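Report on one structure; see the data block that follows.
Nothing in this text is a laboratory measurement; each read-out follows from the coordinates by a stated rule. From a predicted model like this one, the values you see are computed outputs, not experimental measurements. Glycine gets a Cβ as well: all are built from the backbone with ideal geometry, and neighbour counts include every protein chain shown.
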Amino acid sequence: MLYSKQEVKVKLQKIYDNLGLVGKTAKATELAQYLPVRERQKLNEEGKRVFFIEILNI
């Protein structure tokens, strides 16, 4: 599945907050510490590059 880097960041931040990791700011690339992922980029409707995180099969 593909997730935008912003989506990943928001979800990781919620996890960090629920765990009480005060002052810890989530970064989308940190997901690679927990799951096998690959960074990808696609063009949106306007022809601009958008960066995604693809979660690979476990």
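So here's what we get for this one:
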read-out	value
Estimated dipole of region 2-55 in Debye, rounded to 20 [Cβ of Lys and Arg +1, of Asp and Glu -1, Cα centre]	80
Helix 5-18 vs. the chain, principal-axis angle (Cα, 0 to 90°, nearest 10)	10
Formal net charge of residues neighbouring Lys27 (Cβ-Cβ distance under 11 Å; K, R +1; D, E -1)	+2
Residue order, fewest to most surrounding Cβ atoms within 10 angstrom, among Arg40, Arg49	Arg49, Arg40
Prolate/oblate/rounded label for region 2-55 (Cα gyration tensor, a/c 1.5)	prolate
The chain, helix-only ellipticity at 222 nm - DSSP H runs n ≥ 4, -39,500 (n - 2.57), divided by all residues, nearest 500	-8000 deg cm²/dmol
Whole-number percent relative contact order across the chain, with pairs defined as alpha carbons under 8 Å at least 6 apart	41
Within the chain, GluC sites (Glu not before Pro) in DSSP loop having at most 15 other beta-carbon neighbours inside 10 Å	Glu45, Glu46
